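Pasting a structure here, questions to come.
The values are calculated or read from the model by the stated rules, or taken from the named source; none is laboratory data. Everything numeric here is computed off the predicted structure, so don't read it as measured data. Here Cβ is always computed from backbone atoms with ideal geometry, including for glycine, and neighbour counts include all displayed protein chains.
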Amino acid sequence: MIDTTLVVNGTERTVPTEARTLLVDALREGMGLTGTHVGCDTSQCGACLVHLDGAPVKACTILARECEGAAITTIEGVADPDGTLSSVQQAFQDHHGLQCGFCTPGMIMAAIALLRDVPRPTEAQVRHYFEGNICRCTGYHNIVKAVMAASGQVVEPVGA
Ligand code: FES
Ligand code: FES
């Protein structure tokens, strides 16, 4: 085991890692940040999406030691310190962008990355961007609505 230091949600954290330890396991098991989920372990589902130095990455596809010294943002670092939800989280709540919620952390991290690059995406751009995030519950409709709403664009009310 070798210590690996990451700056997670603004705080420096050091965890023992093996050469094979994945970033997602360092976060979940090493740091107790279980909001980052493992849905497939084969780089398909996006449930493990976090931001690595600001860029979205699937944390099951990268070794923890490769991230030494990097800034990682997980779903636990998205809301304000007082618990106020971010605009993307609030939009998911308002537009019923989740059912079981398993995919939701990855969806929210993806949405934040998309809206940072494309502040007012078209619906087609949102759907294309979410190709790497699988939701087994919702059919995506309300997820897309939530992302559109978070971008400040008008969406149909829930149920319409
Ligand atoms: S657990 Fe990483 S993409 Fe599914
Ligand atoms: S809300 Fe259940 S997998 Fe997406």
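Can you go through VAL38, VAL24 and tell me which one is of a type outside the set (S, T, N, Q), touching a helix residue (DSSP H, G or I) at 6+ places or on another chain (Cβ under 7 Å), free of Cβ contacts under 8 Å to residues at least 40 places away in the same chain and not assigned by TED's automatic domain parsing to the domain that holds ILE108?
On the way: VAL24 fails: touching a helix residue (DSSP H, G or I) at 6+ places or on another chain (Cβ under 7 Å).
Step by step, each of VAL38, VAL24 is checked, and only VAL38 is of a type outside the set (S, T, N, Q), touching a helix residue (DSSP H, G or I) at 6+ places or on another chain (Cβ under 7 Å), free of Cβ contacts under 8 Å to residues at least 40 places away in the same chain and not assigned by TED's automatic domain parsing to the domain that holds ILE108.
Here's a follow-up. If you check ILE112, ILE134, which single one turns out to be surrounded by 18 or more Cβ atoms within 10 Å (Cβ to Cβ) and on the phi < 0 side of the Ramachandran plot? Walk me through how you get there before you give the answer.
Numbers: ILE134 fails: surrounded by 18 or more Cβ atoms within 10 Å (Cβ to Cβ).
After applying the criteria, what remains is ILE112.
Considering only the stretch 1-48, how many residues are surrounded by 13 or more Cβ atoms within 10 Å (Cβ to Cβ), more than 22 Å from PRO81 (Cβ to Cβ) and among the hydrophobic types (A, V, I, L, M, F, W, C)?
Residues flagged as surrounded by 13 or more Cβ atoms within 10 Å (Cβ to Cβ), more than 22 Å from PRO81 (Cβ to Cβ) and among the hydrophobic types (A, V, I, L, M, F, W, C) within the stretch 1-48 amount to 10.
If you don't mind, there's one more thing I want to ask. Can you work out which of the residues in the stretch 137-155 that are crowded, with 17+ Cβ neighbours inside 10 Å and β-branched (Val, Ile, Thr) is farthest from ligand 2 (Cβ to nearest atom)?
VAL155
Another one. Can you pull out the residues in the stretch 98-114 that are over 13 Å from the mean Cα position of the chain (by Cα) and modelled with pLDDT of 95 or more? Give the derivation first.
Narrowing the stretch 98-114 to residues over 13 Å from the mean Cα position of the chain (by Cα): 98-100.
Passing the criteria: only CYS100.
A further question follows. Could you give me the residue pairs with C-beta distances under 8 Å whose first residue belongs to the stretch 128-151 and is outside any loop (DSSP other than H, G, I, E, B), whose second residue is among the basic types (Lys, Arg) and surrounded by 14 or more Cβ atoms within 10 Å (Cβ to Cβ) wherever it lies, and which are 6+ apart or on separate chains?
These pairs meet every condition: GLY132/LYS58; VAL144/ARG127.
Still on this structure, please answer the following. Somewhere in the stretch 66-73, is a residue in a helix (DSSP H, G or I) and within 16 Å of ligand 2 (Cβ to nearest atom)? Don't jump to the end; show me each part of the working.
Going residue by residue through the stretch 66-73, those that are in a helix (DSSP H, G or I) are 66-67.
Checking which are within 16 Å of ligand 2 (Cβ to nearest atom) leaves us with none.
Within the stretch 66-73 (the criterion being in a helix (DSSP H, G or I) and within 16 Å of ligand 2 (Cβ to nearest atom)), the answer is no, since none of the residues qualifies.
Take the conditions under 23 Å from VAL118 (Cα atoms), within 16 Å of ligand 2 (Cβ to nearest atom) and not small (Gly, Ala, Ser) and apply them to CYS40. Does it pass?
no
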